[in-house]
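This report refers to the structure that appears directly beneath it.
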Amino acid sequence: MKAVIIANGEIPSHPIPLKVLQNADHIVCLDGAVEQLLTLGFEPDVIVGDLDSITPLFFNKYKNIIVKDDSEEYNDLQKGIKYCISKEWYEIDIIGAFGLREDHSLANLSILLYYANPEHNLSDKELKIRMVTNSGVFTPIFTTTAFHSFPKQPVSIFSHSAETELTFYGLKYPVQKATFSYYWEGSLNSALGDEFVIEFEKGEVLVYQSFDLL
């Protein structure tokens, strides 16, 4: 089952994240994000969080589908991911977790990478999880992976370990067994055709693909 988590960040406006919402089997709304979800014409299947930003009006309206979690150890995005896993929804797209505050955006990317990592997975199933923004999609990978693309599609690769040896195929700027110490080193690349490959044996890598030509 495919779940979409909608956070209370930048409101989805690009056709692709809106299509992702439309095709969701389950919409998991984080706290006060219910207001922007309704503005987009969608209804939540469940509302998860500590409920510090939902208005009394919407709390009363949706009290039957609210899952309150007062844990201070996790933020609302983590609570939403953990809820999906508890329901065995192992394919998750996260929307609205970018924009507004840059510190939140960076923290949410780190959460994405953490829960996608098989070493941190809370179940014995493969968790397919991505972050979809208004400009593109972030996909965490932990081994060699091929990606569908289109010619000149902007692509950035962020390595989270200076020990990870990366090889790129099908990108404008290929590398052979390169290691990156800083995020900018793998950024601002582009696809040559309808597929590219990021090859490596171990580590944590975050791949960004833009929806449109910049």
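Quick notes on this one:
- This ranking places 65, 157, 27 by how few other beta-carbon atoms lie within 10 Å of each, fewest first, which gives 65, 27, 157.
- Restraint check, 128/202; 2/125; 2/177, Cα-Cα greater than 23 Å: 2/177
- A crude spin-label estimate for the pair residue 148 and residue 117, with each label 7 Å from Cα along the Cβ direction, gives 3.0 nm.
- Here the chain is treated with +1 on each Lys and Arg Cβ and -1 on each Asp and Glu Cβ, and its dipole about the Cα centre works out to around 480 debye.
- Dipole of segment 140-210, positive end: most advanced residue of 209, 164, 140 [Cβ charges, Cα centre]: 209
- Among 167, 133, 39, the largest mean-square fluctuation in a Gaussian network model of the chain, built with springs joining Cα atoms closer than 10 Å, belongs to 39.
- FRET E, pair residue 192, residue 88, Förster distance 35 Å, beta-carbon r, rounded to 0.05: 0.35
- The alpha carbon centroids of segment 1-56 and segment 139-211 are separated by 30 Å.
- For the chain, the relative contact order is 19 percent, taking Cα pairs closer than 8 Å that sit 6 or more residues apart in sequence and dividing their mean separation by the residue count.
- Set of aspartates and glutamates near residue 63 by C-alpha distance (under 18 Å), chain-local residues within fewer than 8 positions excluded: 31, 35, 43, 45, 50, 52, 76
- Among the chymotrypsin sites (Phe, Trp or Tyr not before Pro) in segment 170-209, those located in a DSSP loop and surrounded by at most 10 other Cβ atoms within 10 Å of their own Cβ are 182.
- Straight-line cross-link reach from residue 172 at under 20 Å between alpha-carbon atoms covers these lysines, not counting any fewer than eight positions away in the same chain: 152.
We did not get these values from a lab; they are worked out from the coordinates using the rules stated. Predicted model only: the values in this text are computed from it and were never measured. Cβ coordinates were reconstructed from backbone atoms using ideal geometry, including for glycine residues, and neighbour counts include every protein chain displayed.
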